[in-house]
1. Using the basic label-point model (7 angstrom from Cα toward the beta carbon), what is the B:ALA2 to B:GLN75 distance in nanometres?
2. Based on the alpha-carbon gyration tensor of the stretch B:1-130 and its eigenvalue square roots a ≥ b ≥ c, which shape applies: rounded if a/c is under 1.5, prolate if not and a/b is larger than b/c, or oblate?
3. Would you please give the FRET efficiency between B:ARG146 and A:VAL120, computed as 1/(1 + (r/R0)^6) with r the Cβ-Cβ distance and R0 = 45 Å, to the nearest 0.05?
4. Other chains' Cβ within 10 Å of A:174-181 residues: what's the mean?
5. On average, how many beta carbons from a partner chain sit within 10 Å of the beta carbon of a residue in B:96-105?
6. Beyond 19 Å, what share of the Cα-Cα pairs of the stretch B:197-256 is found? Please give it as a whole percent.
7. Going by C-beta contacts inside 10 Å, put B:CYS62, A:CYS37, B:CYS315 in order with the fewest on the left.
8. Per DSSP H run of at least 4 residues, take -39500 (n - 2.57); add these up for chain B, divide by its residues and hand me the 222 nm value, nearest 500 deg cm²/dmol.
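None of the figures in this text is laboratory data; all of them are computed from the coordinates on show. Here the structure is a predicted model, which means the values were calculated and not measured. Cβ placement follows ideal geometry from the backbone for every residue including glycine, while neighbour counts extend to all protein chains displayed.
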There are 2 protein chains.
Amino acid sequence: MAEARLDVLLVMAPENIVYTAGVLPPSLRTVRTRLACCVIPAEGSTELIVVALEKGAVEPECWLDAVTPYREFEQDAVSVAAASLRERGLSAASIGIEETYLPKAAFEVLQASLPDARFVAIDGLLADARCIKTQDEIDSIASIGRVAQTIGEECLGLVSAGDTERALGTLISERYAETGGRLTMLVVGSGARSAIPNAAPTDRILERGDTVRIDVIGTRDNYCSDVARTAVVGEPTMEQQALYGTLKEVHERILERLRPGALTSDLYSIYRDAMEDAGLPYYHFVGHGLGITLHEDPFINDGRPVMLAPNMVICIEPMTLIEGRQGMQIEDEVLITSDGCRLLTEAGDLLRIEA
Amino acid sequence: MAEARLDVLLVMAPENIVYTAGVLPPSLRTVRTRLACCVIPAEGSTELIVVALEKGAVEPECWLDAVTPYREFEQDAVSVAAASLRERGLSAASIGIEETYLPKAAFEVLQASLPDARFVAIDGLLADARCIKTQDEIDSIASIGRVAQTIGEECLGLVSAGDTERALGTLISERYAETGGRLTMLVVGSGARSAIPNAAPTDRILERGDTVRIDVIGTRDNYCSDVARTAVVGEPTMEQQALYGTLKEVHERILERLRPGALTSDLYSIYRDAMEDAGLPYYHFVGHGLGITLHEDPFINDGRPVMLAPNMVICIEPMTLIEGRQGMQIEDEVLITSDGCRLLTEAGDLLRIEA
């Protein structure tokens, strides 16, 4: 904050509230108007401003000094935050806000309430901080990641030709829920649908020869899992074996290169070049940070190169989606260590579904 | 649109995208930066602008004339929308935007791209439209509402003293997932925790004499369920019976009054007055609209009075939360018909959990 010359941060995006206060007000997922706000001054006490009805739900877990309630329908989080800043003598302060989250109307309320303040975007600053995980964060991610891998692989072994994508999806959902997790975007695509990114399970029936791609995306205790696996119904063709082999080789080559100092752009090149050589379609990224959110910095693409650093957790997910035919993907979660990396999940060979 | 003198709407909030385009781009739940935008001109073709990787996922279900992809990391939804408006000759148009959703940064991009445009907030206009449900919407809500009621009541019958809130929560989650639904905010509070609004299930063990309050909040096929039930572990005390009886009577008195023309403020008075007479704490609303979102217009509180109209779907949820002791709630979903109402779910007596 000193470096950015900020007097106070107003943190409102759900992932940054979790990061700052250790708790997600439940309504932030379900009732869009119930905004919450962490007030984090450079000096003085911190507070989480939250809709009054959720004070009791957040208080036991909240790390901040105080939980300040606001009355729904009568008050709003931003006005209460502005009043708090005035009371603290911060009316003309440099105030950090998340410009990619704060709704236009809420910003205008803030601006009108604090006409002498200077507003500074802190979206990047928060994203950079979240990039490097603490040990507790790593433990949470590793734990739900292993769950996602185990459940995904086991459930592929429980269905067979004649079952639907939905049946497979339901199995995964049930087991994931049993562990206390909540799926946020389960991908189950079979046959030509395996080539559709983020395809939800449908009533399509699994048939002998189908490629089946699943991606177990969900959260538990505020941290995400993102593990993708590919299977074939029955005996894979030579083409399917070769396709998977190409991805697996790219996957391994990238994993070998994961260490502090490695550049995201170089890692992406390994993937892009291999796919171009093989004449296969490739995706616009081959990895991303994972944490409270599903996709966060660093992105492994051909944009701005970022240097990997210890305690980043990233997903590596070489994928090829051949439209109208089939899509394959291998996605593992990896921790960057002081001198290399540690796999939090680990993909094996092309999986089989009984024909 | 003619009435509001709007040339074009840019619809970006998830619930309004579902309402306008019939489909939710999957990432809108998981990747905050992947904004989407429906372009709805008064004249000419409509389009859904969506991150390129999800074109295939939304296209089969999208109602709009076209799905326009934008490239992640290189383009953004708002710039592509602005370009589309310029091409349509709408650079200086009156453009409807959702000011309570559109992030500050995205609005600034829009404004810079279309310096001659006039921007008008359409948040209220869209909320008003969504308030009156179509038959398809009513069918979707009724169907998942019945699921929520059945699962909630059955699962209360499957646990007993000694089980945890989490065990009950997991049972409900699994069964809800089995029907193709996804819980978004399951409430399970036992003992003193039953008085905490929006309390997620914990490892607290159910004990003889506990009040247990559950609220089955989730979605299926883009529509929400919101059904709350109260149970007691073992034989209820006289106080528990009386408390439930008071709520049940309020519930029935409100249900009797539900018809077109009834005022939300009058309905709230029934609840507030009864609770004041009984010396019980009351909530700041006793009902709300239900649809693509959990809480939508009309709100049944003592704010601006709204007249009920046919084809509104509302939740009626008398509740009393006695902090540190116990909380009870009865919540049903109701359709307003041309001359009264039809219960989509129907609560009975105080439920029992085996001691």
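1. Here the answer is 3.3 nm between the modelled labels.
2. Details: a/c = 1.43, a/b = 1.24, b/c = 1.15.
Rounded.
3. Details: r = 50 Å, r/R0 = 1.12.
Efficiency at R0 = 45 Å is approximately 0.35.
4. Details: counts 7, 2, 3, 13, 5, 1, 7, 1.
The per-residue average across the peptide is 5.
5. Numbers: counts 0, 1, 4, 6, 7, 5, 3, 11, 16, 9.
Mean shielding count: 6.
6. Values: 845 of 1770 pairs.
The answer is 48 percent, as a whole percent.
7. On the way: B:CYS62 22, A:CYS37 28, B:CYS315 25.
Ordered from fewest to most neighbouring Cβ atoms within 10 Å, B:CYS62, A:CYS37, B:CYS315 come out as B:CYS62, B:CYS315, A:CYS37.
8. On the way: 9 runs with 113 residues, N = 355.
Only helices count here, giving -10000 deg cm²/dmol.
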